[in-house]
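Just below is one structure, and these are the notes that go with it.
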There are 2 protein chains.
Amino acid sequence: MASTPSAHPDVMEKLVSLCKRRGFIFQSSEIYGGTGSVWDYGPLGVELKRNLKDRWWNAMVRSRDDIEGLDAAILMHPRTWEASGHVAGFTDPLVDCRNCKKRFRADDPKIKGTPGQPDAQCPACGMKGTLSEPRMFNLMFKTFMGPVEESASVVYLRPETAQGIYVNFLNVQQSTRQKVPFGIAQIGKAFRNEITPGNFIFRTREFEQMEMQFFVDPEKDHMEWFEYWKAQRMAWHLSLGLDEGRLLFHQHTPEELAHYARAAFDIQFDFGGTLGFQEIEGVHHRGDFDLNRHQEYSGKKLEYFDQPNNRRFVPFVVETSVGADRTALALLVNGYREETVEGETEGRVVLGLPAQLAPVKAGVFPLVKKDGMPEFAEKLAKELRSAFPVFYDESGAIGRRYRRQDEIGTPFCVTVDGTSNEDNTVTIRDRDTLQQVRVDAGKVKGWILERLGT
Amino acid sequence: MASTPSAHPDVMEKLVSLCKRRGFIFQSSEIYGGTGSVWDYGPLGVELKRNLKDRWWNAMVRSRDDIEGLDAAILMHPRTWEASGHVAGFTDPLVDCRNCKKRFRADDPKIKGTPGQPDAQCPACGMKGTLSEPRMFNLMFKTFMGPVEESASVVYLRPETAQGIYVNFLNVQQSTRQKVPFGIAQIGKAFRNEITPGNFIFRTREFEQMEMQFFVDPEKDHMEWFEYWKAQRMAWHLSLGLDEGRLLFHQHTPEELAHYARAAFDIQFDFGGTLGFQEIEGVHHRGDFDLNRHQEYSGKKLEYFDQPNNRRFVPFVVETSVGADRTALALLVNGYREETVEGETEGRVVLGLPAQLAPVKAGVFPLVKKDGMPEFAEKLAKELRSAFPVFYDESGAIGRRYRRQDEIGTPFCVTVDGTSNEDNTVTIRDRDTLQQVRVDAGKVKGWILERLGT
């Protein structure tokens, strides 16, 4: 899958362990042995993901006057997925073993021979000639709405959020009086019954998308808008602190390009190891395919009325679609490092998350548990907590407390020491430079807020 | 259902219309005739709901050191729902008509006679004796994970978020080193295949919960914590600006009380009309029922280790569970008013939302479209947009533009007029008092931020 080889080591196993131990990400329903490729975000993970989603929302919706927000439901009318092509075409080829009843993707490299032929060997039970011909398996999760399980009541868990935007195109345009070009953005869950999910939170059956569909005039500057969004979205990933050398554009080849797409680029991030460069966002020029299909299947017009020119048209769509979980994983991979610190025998693990995205902004410690230091530190922690998330810690050696915060990406550690009660100052230690500055306790909040850019 | 009669008129129909027209809430998949009792939040609705959820998250998680956040998956291991009792007991009684094949809740008041008996009359086709005996229908949405539709691959869409917290109790406690008493909070979607949903976004098949489970020592002050959370949660709803006279506690009677609950109060809001007082939040003392059941079904210990006393115990749980959609609806109902304005012939509709929750914080208008006023106003709008959502409007009479903003709850309208270019001042109009003050254009952002309490 990775066309560009990775220059970075594989840190996934270490991250999975760190994420569980420190409360970023747990296996879903772990006490029951887990749910297949579904994950729960713990106390730190939920804050990291919230910060990431808020940042996207602010950049794409709140700070712009040409993009409107939306939060469409997961359960949509089933005709939506006929129009979108998902009922007919959102499939993977699957083969069964008649002997052991196991199932595989037809292109599973562990299968020896050609499925359906006498020479094909089952990778699970090892029998020959027991693998069926490939059949197409739909990746949408199916459920039933209403009290009866029958075909008329089938609904699907949406496999992408985009269609919720298309079917609401005129509702949004008319209620907001937006003029083309304009966009509609939403953050929400989507579900795919993947046969071979994996790589931690990279490919999961339940995931979250941050999508924006930009509606443009088909007779005007649609290619310019496509180029504009390509550049904007890459700039956004760089603004998260992802290394420039780990990001690239991958242009879809004619074979990769969806039949309706006019042009498509993926933004890929280098996850290291054998996973290497993988898509974290798609910037796709979808033409008028989707709106046309919904017009056809619903019998409702989805045309924009260009009043000044007294002209009606179905807009072209430029889509930007980010995986929220994949981007969170990219941040963790990008930030993870193991270091030796000069003058210390024990190394440290650091999550170099940008301060704005870090789950905890400051650790607050009394140097020792006496001489009024805990009281001073607790009071300061309480004051800071009114402005941003803070972790108060008084247990163990101070070096160990620093390292606990380094490992979860906390950018600043504030320590109350022997002189604090005398001159009302504390030290602030920087996670990356390890430098410490003495600051008046009353100015710590402002000092940190300034560095959070808020 | 409503035990306390309502003193307020029914504004639901007017709200549904306003919400569609102005972009708060649309019927899901409307172009396909809608999805049964599922709704999409439009540009204004998504901001209102985001503001509401952020406020809850800040109050319950970020500003406290004794509550941790979580974001567990919708698709959980199916044993979860055997342990919770939902597979066996989360059911409604249902009857079928053998003639017209329609289905009803057995207690549907439109049914004449006793279902299953010869005298029972079908409310749809009118035939007698065709209604079946009631059978129990499970309200969980069922789907299949993996490539085969068979009983071993059944999973459910979670009907509540609480169980995601219980199964993660030890993961969260151990990774954060929290000590009992402490809580775990999460916001997320849940799904119930209701037979009789309705009343706009009050009872829907897809909805969002804001839940917090507080773990307390069963031998200590658990009833005090229950009382504490009752008081805290009522105070929170009042802080949203909901009228005190429209809120009350409803104590569960012995018949209403779930078999495992030690005490339970609902916070009810008066939605007006025949809907009247209905639950928007539940504060429930669940004892050790849930953790015990998960221990039993998973074979894993879910005990807290009380180190100072060298004692292990399964904590009691006090739950606070708010419906995000219901609370959003309460805000809309509570804020909706029709007024006549002194000196004006045309009345106005106002959504009296608190400024902190309003989707748009300021409308910005040039008084007329000339003399540099649009340029001045656009520049100001752009500056304000860096801090909060703003709507720029230059079309139509100024009174009409004010009324458009009143109707969506915008607390402030900033007008650029003939003197703005001379002395750099603008007027700010208050939505509720209608009073206007002249403010230096450079101070508008600070003036509004101050009133948003940020």
(request) Run down the lysines and flag those whose C-alpha is under 18 Å from the C-alpha of residue A:443, throwing out any fewer than 8 positions away in its chain. (result) A:361, A:379, A:382
(request) Give the chain B residue with the shortest beta-carbon distance to the rotation axis relating chain B to chain A, plus that distance as a whole number of Å. (result) B:143, 2
(message) Relative contact order for the range B:109-154: what percent, with Cα pairs under 8 Å and sequence separation of 6 or more?
(response) 23 percent
(request) One decimal, nm, shortest first: give the distances between the label point of residue A:228 and those of the same position in the other copies, each label point 7 Å from Cα along Cα→Cβ. (result) 5.3
(message) Treating only the Cβ of Lys, Arg, Asp and Glu as charged (+1, +1, -1, -1), what charge dipole size does the protein assembly as shown show about its Cα centre? Round to the nearest 20 debye.
(response) 1160 debye
(request) Evaluate E = 1/(1 + (r/R0)^6) for residue B:337 and residue B:127, where r is the Cβ-Cβ distance and R0 equals 56 Å; express this FRET efficiency to the nearest 0.05. (result) 0.75
(request) Tell me, for chain A, which Cys residues have no other cysteine's C-beta sitting closer than 4.7 Å. (result) A:19, A:413
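How would A:422, A:133, B:211 line up by accessible area, probe 1.4 Å, largest first? Don't skip to the end; give the middle numbers.
On the way: A:422 150, A:133 115, B:211 5 Å².
Result, largest first: A:422, A:133, B:211.
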(request) Give me the compactness ratio for the range B:69-171, meaning the Cα radius of gyration over 2.2 N^0.38 Å. (result) 1.44
(message) Compute the angle between helix B:12-22 and the longest alpha-carbon principal axis of chain B, please, reported from 0 to 90 degrees and rounded to the nearest 10.
(response) 60 degrees
(request) Could you run the Karplus curve 6.51 cos²θ - 1.76 cosθ + 1.60 with θ = phi - 60° over the range A:222-238 and give me ³J(HN,Hα) per residue in whole Hz, x for Gly and Pro? (result) 5, 5, 5, 5, 4, 5, 4, 6, 4, 5, 4, 6, 5, 4, 5, 4, 5
(message) Averaged across B:77-87, how many Cβ atoms of other chains sit within 10 Å of each residue's Cβ atom?
(response) 2
(message) With unit charges on the beta carbons (Lys and Arg positive, Asp and Glu negative) and the dipole taken about the Cα centre of the protein assembly as shown, which residue among B:147, A:164, A:453 sits farthest to the positive side?
(response) B:147
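Computed on protein heavy atoms with a 1.4 Å probe, what is the summed buried accessible area for the chain pair B and A, in Å² to the nearest 100?
On the way: alone 21940 and 21940 Å², together 36980 Å².
Between B and A, the summed buried area is about 6900 Å².
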(request) Give, rounded to the nearest 20 debye, the magnitude of the charge dipole that the range B:351-452 has about its Cα centre when Lys and Arg contribute +1 at Cβ and Asp and Glu contribute -1 at Cβ. (result) 240 debye
(request) Report the charge-dipole magnitude of the range A:27-87 in Debye, nearest 20, computed about the Cα centre from +1 at each Lys and Arg Cβ and -1 at each Asp and Glu Cβ. (result) 80 debye
(message) With N set to the number of residues, divide the alpha-carbon radius of gyration of the range B:351-452 by 2.2 N^0.38 Å and report two decimals.
(response) 0.96
(message) Calculate the FRET efficiency for residue A:99 and residue B:102 from the Cβ-Cβ distance with a Förster distance of 45 Å, rounded to the nearest 0.05.
(response) 0.45
(request) Step through the residues of the range A:260-269 one at a time and calculate ³J(HN,Hα) from phi using the Karplus curve (6.51 cos²θ - 1.76 cosθ + 1.60, θ = phi - 60°), rounding each to whole Hz and writing x for Gly and Pro. (result) 8, 7, 8, 6, 7, 10, 9, 8, 10, 10
(request) Take every residue in peptide B:384-397, count the Cβ atoms of other chains within 10 Å of its Cβ, and give the average of those counts. (result) 2
(request) Determine, at each q value in 0.19 (inverse angstroms), the log₁₀ of I(q)/I(0) that the Debye formula gives when each Cα of the range A:69-110 is one equal point scatterer. (result) -0.73
(message) What value in Å³ per residue do you get for the convex hull of the alpha-carbon atoms in chain A?
(response) 198 Å³
(request) Rank-order A:377-383, A:4-10 by packing density, defined as the average count of other C-beta atoms within 10 Å over each peptide's residues, highest first. (result) A:377-383, A:4-10
(message) Could you give the length gained by full extension between residue B:386 and residue B:346, i.e. 0.36 nm per residue of separation minus their alpha carbon distance, to one decimal place?
(response) 10.9 nm
(request) Would you compute, from DSSP H runs of 4+ residues alone, the mean residue ellipticity of chain B at 222 nm, taking -39500 (n - 2.57) per run and dividing by the full residue count, rounded to the nearest 500? (result) -8000 deg cm²/dmol
(message) I need the shape label for the range B:203-288. Rule: rounded when a/c is under 1.5, else prolate if a/b > b/c, else oblate, with a, b, c from the alpha carbon gyration tensor.
(response) prolate
(message) With θ taken as phi - 60° and the coefficients 6.51, -1.76 and 1.60, list the Karplus ³J(HN,Hα) couplings across the range B:292-297 in order, rounded to whole Hz; mark glycine and proline as x.
(response) 4, 4, 5, 4, 5, 7
(request) Working from Cα positions, state the angle (0 to 90°, nearest 10) between the long axis of helix A:43-57 and the longest principal axis of chain A. (result) 60 degrees
(message) On C-alpha positions alone, give me the angle between the axis of helix A:373-385 and the longest principal axis of chain A, in degrees, nearest 10.
(response) 30 degrees
(request) Report relative contact order for the range A:296-367 in percent, whole number only (criteria: Cα-Cα under 8 Å, sequence separation at least 6). (result) 16 percent
(request) Would you please give the residues with an amide H less than 5 Å from that of residue B:155, counting only those at least 5 places away or on a separate chain, with H modeled from the backbone geometry? (result) B:143, B:144, B:145
(message) Give me, ordered by chain and number, the residues 5 or more places off residue B:106 or on other chains with an amide H under 5 Å from its own placed amide H.
(response) B:94, B:95
(message) Give me the base-10 log of I(q)/I(0) for the range A:268-326 at each q in 0.12, 0.20, 0.22, 0.28 Å⁻¹, Debye formula, one uniform scatterer per Cα, rounded to two decimals.
(response) -0.50, -0.82, -0.90, -1.08
(message) Just to check, using Stokes-Einstein with a Kirkwood Rh over alpha carbon pairs, what's the diffusion coefficient of the protein assembly as shown at 25 °C and 0.890 mPa s in µm²/s?
(response) 82 µm²/s
(message) At a 10 angstrom cut-off on C-beta neighbours, averaged per residue, how do the peptides A:186-198, A:242-254 rank from highest to lowest?
(response) A:186-198, A:242-254
(message) Once you keep just the Cα pairs under 8 angstrom separated by 6 or more residues, what percentage relative contact order results for chain A?
(response) 14 percent
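The values are calculated or read from the model by the stated rules, or taken from the named source; none is laboratory data. Given the structure is predicted, the values throughout are model-derived calculations rather than measurements. Glycine gets a Cβ as well: all are built from the backbone with ideal geometry, and neighbour counts include every protein chain shown. Heavy atoms of the whole protein, side chains included, go into the accessibility calculation; ligands, DNA and RNA do not. Shrake-Rupley method; radii C 1.70, N 1.55, O 1.52, S 1.80 Å.
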